[in-house]
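The values are calculated or read from the model by the stated rules, or taken from the named source; none is laboratory data. Owing to the predicted nature of the structure, the values given are computational and were not obtained by experimental measurement. Glycine also receives a Cβ, built like all others from the backbone with ideal geometry; neighbour counts cover every protein chain displayed. Heavy atoms of the whole protein, side chains included, go into the accessibility calculation; ligands, DNA and RNA do not. Shrake-Rupley method; radii C 1.70, N 1.55, O 1.52, S 1.80 Å.
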Amino acid sequence: MNTVGAFKVKNFVLMLLSSVVGVTAGIAIVNNYLPHVGGESEMQDSDSVNYMDLTPEERYYQTLRNGPYQNKTISGYYLSGRFAQRNHDWKTAQGNLEKILNKTGEDDIELMKRTMVLSMGAGEYSKAISLAHKVKELSGEDSESSALAYLFIGLEATKAMKYKEANEAISEMPEGSLSDFIMPLLNSWAAAALGAYDVGDLRNSIMHYHHAILIADMMDKPEEIKELLNRALAAPDLNSAEYAWVASVYAHIGEQEKALELYEKLYDAAPISEIKTKIEALKNDTYVDEYKGVKSASEGIALAMYNMASLLAQDINDDSARVFAQIALYLDSDLSDAKFLLASIAARNGREGDAIAFFEGVQADSPDYIPARKAAAGLYETKGEYAKAVEILEPIYEELNDIDALIQIGDVYRHNEEYAKAVKYYNQAEKAFEGEVSGDHWHLYYVRGMSYEQLKKWDKAEADLKKALEYEPDHPFVLNYLGYAWADQGVNLEKALEMIEKASALEPQDGYIADSLGWVLYRMGKFEEAVPHLERAVELRPYDAVINDHLGDAYWRVGRRLEAKFQWLRAKNHAEEDTLVSKLDVKLIDGLPAAEAGKSGLMHAENSTLPPPQQLNSTD
C-alpha cells in the first residue's frame with residue numbers, strides 16, 4: 001500500500017484506534033496507589049520473595065494476590081485494565097473492562113467501544129461482535145465515532161457469507177474512513193463468491209491490485225492477471241517485497257521469462273541470496289511455485305485484514321496491528337501468517353508466553369507447523385528454558401531429518417555458552433549432508449567457527465571461518481570476525497585490514513565493525529589513523545567495555561592521556577568480566593607500557609549485531 005489514499009486509510013485506523021484504546025496515564029496512578037494499600041508485611045506471604053526486590057509490575061500483581069486490595073471495585077477494575085493494556089496483556093485488560101460493564105449496566109458507550117476493541121484484540125470474537133451491535137444501536141446517527149462497530153458487524157456477515165448484509169453494514173461507515181478501502185474489497189470478493197468477476201474498483205493501492213489478482217487467479221482468468229500485473233508494476237513506490245511478489249505471480253502463470261527479468265532487476269538493486277536462488281532455479285528449470293492463492297471470499301477478506309495488520313506492524317503500531325490480525329483470524333482461523341504476526345508483536349513487547357501460545361496454535365497439518373515449532377523453541381530459549389527448546393527441536397530432526405533443527409539446537413547451546421555441546425550438534429549437522437554442505441547452510445561453518453574460538457581451538461575456528469568465506473566472500477560479519485581475530489592476535493594484519501575495510505563499507509553503521517577497523521590500525525601501529533574509527537565505534541556502541549578500552553589505548557598512544565583514563569574508567573564501569581576489570585585497574589594507575597598492551601579477546605564480537613544463523617543465509 002503506497003498510494004496517498006492508502007496512507008490516509010492507515011492514518012484513519014491509527015486515529016480511530018488511538019481514540020478507542022489509547023493509554024497514556026493509569027500506570028502512574030497505580031504505582032502511586034500501591035504504597036497506601038498496606039504495610040510490607042501485609043503485601044507478601046511467608047513464601048514470597050522480598051517485595052522490595054520486585055519490579056513495579058511484579059509489585060502490582062503481588063499486591064493484588066496478597067494484599068488487602070482485592071481489585072473488586074469499578075476504579076480497581078479500571079486501573080487494572082489500563083495497567084494490563086499498558087503492559088500488552090489484552091486478555092486481562094478486556095476482562096477488567098468487561099467487569100465494569102457488568103457492574104454499570106452497559107450504559108457507557110465510550111467504555112463499550114473500548115471493551116469492544118479490546119475484546120477483538122484479545123481474540124474474544126463473540127464478545128466483540130455482541131458489543132459492536134450494542135454500540136451501533138446506542139450511537140444512532142453518530143456513525144463517525146463508531147466506524148469499527150460497523151466494520152465488525154460487516155465482517156460478521158462476511159464470515160456467514162451474507163455478503164449483501166456485509167456491504168450494507170460497511171456502507172454505513174463514514175466516507176473517507178475505512179469504507180473507502182474495505183468496500184471495494186468486499187464488493188469484489190462478494191461478486192466472486194457469486195460467480196461474477198468484478199474488480200473494477202480495486203485500483204487505489206498495490207494491495208487492491210494484489211487482491212484483484214487473487215480473485216482473477218481463483219476464477220482462473222490468466223489474461224486478466226497479466227493486465228493486472230502490468231498495472232501493479234506501474235504503481236508508484238513499489239517496494240522490493242511487492243516487486244518480488246509480482247515476479248512470483250508471473251512465474252505462477254507460466255511467464256518464466258518475465259519473472260526472470262524482474263528477479264534480475266531486483267537482484268541488481270539489492271543482491272539478496274534468496275533472489276539469487278530464484279534466478280538460478282528459473283534458469284535451470286527447477287523453480288518451485290511458491291505462489292499462495294485463496295479458495296473463498298472469506299479467506300480473501302481475511303487476507304486483506306492480515307495485509308492491513310502487517311502494514312501497521314511495520315510501523316510499530318502494535319495495538320492497531322493486533323486488532324486487524326485478530327480480525328483476520330476471526331474470518332480464517334487457519335491463517336498462519338496472522339498467528340505469526342501476533343506472535344512477533346507479543347514477543348517484541350515482552351510477552352513471550354503469549355507469543356509461544358500463538359505459535360503453538362498453528363495446526364499440525366499446516367505447512368507452517370514446523371516453522372512455528374522452531375519459532376516457539378527460539379522463544380523458550382529467549383526465556384532461558386533451554387531444555388524445553390531442545391525438547392521441541394530434537395523430534396523435528398529425528399522425524400523429518402531436518403538439518404536446520406540440528407543447527408538450531410547447536411545455536412541454543414552456543415547462546416547458553418555450552419560450546420562443546422554446540423560443536424557436537426554442528427558436527428552432526430555437517431555429517432547429515434553426506435558430502436558437501438549446501439550453499440543455503442554455509443552459516444554452519446560460521447557458527448561452528450565461533451564456537452571453536454570460544455573453546456580456544458583456534459586452528460579449527462580459523463578453518464571454519466575461512467570455509468564460510470568461500471561460500472560468502474562478501475559477508476560483512478564473517479569478514480569482521482576473522483579479520484578482528486587476526487588483528488587481535490597480531491597476525492595477517494594487512495589481510496585483516498583489507499577484510500575489515502570491506503566489511504565496514506558494507507555495514508558502515510555497525511559499531512563493532514568500526515571498532516575492528518580502528519583496532520587493526522592500532523595493532524599495525526597506526527595510532528593516529530585508528531582514533532577516528534574507534535571514536536566512531538564508541539558513538540555507535542557507547543556502553544561496550546571493550547570498545548571503550550580500545551579507544552582509551554589509542555588515546556594513550558597519541559598522547560591524550562587524560563581522555564585515555566576517562567575511556568578506561570567508562571570501560572571499567574561497563575565491564576562484566578573480572579579479567580578485563582583487573583587489566584583496566586592497572587591501566588588507570590600505570591597507563592600503558594612502551595611495548596604493546598595485552599590482547600583483549602574476541603568476546604565482544606560474539607555479542608555483536610551478528611544476525612542469528614537462520615537469517616544469515618539470506619544476507620549477502
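Listed by first and then second residue, the pairs linking a residue in the range 82-109 that is touching a residue at least 24 places away in the same chain (Cβ under 8 Å) to a residue that is polar (S, T, N, Q) and in a loop (DSSP other than H, G, I, E, B), with Cβ atoms under 6 Å apart and 6 or more places separating them unless they lie on different chains, are HIS88/ASN349.
One residue stands out in the range 479-517 among those that are under 26 Å from the mean Cα position of the chain (by Cα) and in a loop (DSSP other than H, G, I, E, B): the one that is nearest to ALA545 (Cα to Cα), namely ASP510. The single condition from (1) within 22 Å of the chain's Cα centre (by Cα); (2) aliphatic (A, V, I, L, M); (3) open to solvent by 30 Å² or more (accessible area, probe 1.4 Å) that LEU342 fails is (3).
Taking (1) under 26 Å from ASP440 (Cβ atoms); (2) touching a residue at least 60 places away in the same chain (Cβ under 8 Å); (3) polar (S, T, N, Q); (4) surrounded by 13 or more Cβ atoms within 10 Å (Cβ to Cβ) in turn, ASN204 satisfies each apart from (1). Please find, within the range 342-381, the residue that is nearest to LEU400 (Cα to Cα) out of those that are acidic (Asp, Glu) and part of a helix (DSSP H, G or I). Looking at residues that are acidic (Asp, Glu) and part of a helix (DSSP H, G or I), I get GLU360.
All conditions but one from (1) closer than 30 Å to TYR163 by Cβ; (2) open to solvent by less than 20 Å² (accessible area, probe 1.4 Å); (3) under 30 Å from the mean Cα position of the chain (by Cα); (4) hydrophobic (A, V, I, L, M, F, W, C) apply to ALA251; the one that does not is (1). Within the range 547-574, the set of residues being assigned to a helix (DSSP H, G or I) and open to solvent by 20 Å² or more (accessible area, probe 1.4 Å) comprises TRP556, ARG557, ARG561, LEU562, GLU563, LYS565, PHE566, LEU569, ARG570, LYS572, ASN573, HIS574. Taking the range 130-247 and the helices (runs of 4 or more DSSP H) fully enclosed by it, the elements with 3 or more residues that are at pLDDT 90 or above and within 26 Å of SER333 (Cβ to Cβ) are at 147-159, 206-218. Can you confirm whether the range 515-531 contains a residue that is under 25 Å from TRP458 (Cα atoms), among the charged types (D, E, K, R) and at pLDDT 95 or above? The answer is yes, given that some residue of the range 515-531 is under 25 Å from TRP458 (Cα atoms), among the charged types (D, E, K, R) and at pLDDT 95 or above. Taking the criterion of being more than 18 Å from GLY121 (Cβ to Cβ), open to solvent by 50 Å² or more (accessible area, probe 1.4 Å) and not aliphatic (A, V, I, L, M), the residues of the range 73-95 that qualify are THR73, SER75. Of the candidates LEU540, LEU592, LEU580, the single residue that is out of contact with any Leu (no Cβ under 9 Å at 6 or more places or on another chain), closer than 23 Å to LEU455 by Cα and either at pLDDT 95 or above or aliphatic (A, V, I, L, M) (or both) is LEU580.
The set of residues in the range 459-476 that are over 9 Å from TYR446 (Cα atoms) and open to solvent by 50 Å² or more (accessible area, probe 1.4 Å) comprises ASP459, LYS460, ALA463, GLU470, TYR471, PRO473, ASP474. Among the conditions (1) of a type outside the set (Lys, Arg); (2) touching a residue at least 40 places away in the same chain (Cβ under 8 Å); (3) part of a loop (DSSP other than H, G, I, E, B), the only one that ASP285 does not satisfy is (2). Take SER240 and decide whether it is without any contact (Cβ under 8 Å) to a residue 60 or more places away in the chain and farther than 27 Å from ALA281 by Cβ. No. When the test is whether a residue is of a type outside the set (Phe, Trp, Tyr), closer than 23 Å to GLU360 by Cα, at pLDDT below 95 and loosely packed, with under 15 Cβ neighbours inside 10 Å, GLU436 does not pass it.
Is it true that some residue in the range 387-398 is β-branched (Val, Ile, Thr) and more than 22 Å from ILE370 (Cα to Cα)? No, there is no match, as no residue in the range 387-398 is β-branched (Val, Ile, Thr) and more than 22 Å from ILE370 (Cα to Cα). In the range 155-178, the residues that are closer than 18 Å to LEU131 by Cβ and open to solvent by 30 Å² or more (accessible area, probe 1.4 Å) form Cβ pairs under 7 Å with partners that are of a type in the set (A, V, I, L, M, F, W, C) and at pLDDT 80 or above, at six or more places apart or across chains, as follows: GLU156/ILE129; LYS159/LEU331.
Screening MET450 on (1) touching an Asp or Glu at 6+ places or on another chain (Cβ under 7 Å); (2) open to solvent by 50 Å² or more (accessible area, probe 1.4 Å) shows it passes everything except condition (2). Count of the range 109-129 residues, restricted to those that are in a helix (DSSP H, G or I), aliphatic (A, V, I, L, M) and under 17 Å from SER80 (Cβ atoms), is 2.
Residues TYR380, TYR386: which one is in contact (Cβ under 8 Å) with a residue 12 or more places away in the chain, farther than 24 Å from ALA432 by Cα and of a type in the set (Ser, Thr, Tyr)? Only one candidate passes the filter, namely TYR380. Within the set LEU303, LEU262, LEU266, the sole residue that is closer than 21 Å to MET219 by Cβ, surrounded by 18 or more Cβ atoms within 10 Å (Cβ to Cβ) and of a type outside the set (Gly, Ala, Ser) turns out to be LEU303.
For SER618, the conditions (1) at pLDDT below 95; (2) small (Gly, Ala, Ser); (3) open to solvent by less than 40 Å² (accessible area, probe 1.4 Å); (4) within 31 Å of the chain's Cα centre (by Cα) all hold with the exception of (3). Out of curiosity, is LYS265 basic (Lys, Arg) and part of a loop (DSSP other than H, G, I, E, B)? Against the criterion (basic (Lys, Arg) and part of a loop (DSSP other than H, G, I, E, B)), LYS265 does not qualify. Of all the listed residues (TYR425, TYR397), the sole one being at pLDDT 95 or above, of a type in the set (Phe, Trp, Tyr), under 25 Å from MET450 (Cβ atoms) and assigned to a helix (DSSP H, G or I) is TYR425.
On the basis of being farther than 24 Å from GLY559 by Cβ, touching a His at 6+ places or on another chain (Cβ under 7 Å) and either without any contact (Cβ under 8 Å) to a residue 24 or more places away in the chain or open to solvent by less than 20 Å² (accessible area, probe 1.4 Å) (or both), does TYR512 make the cut? So TYR512 fits the description; yes.
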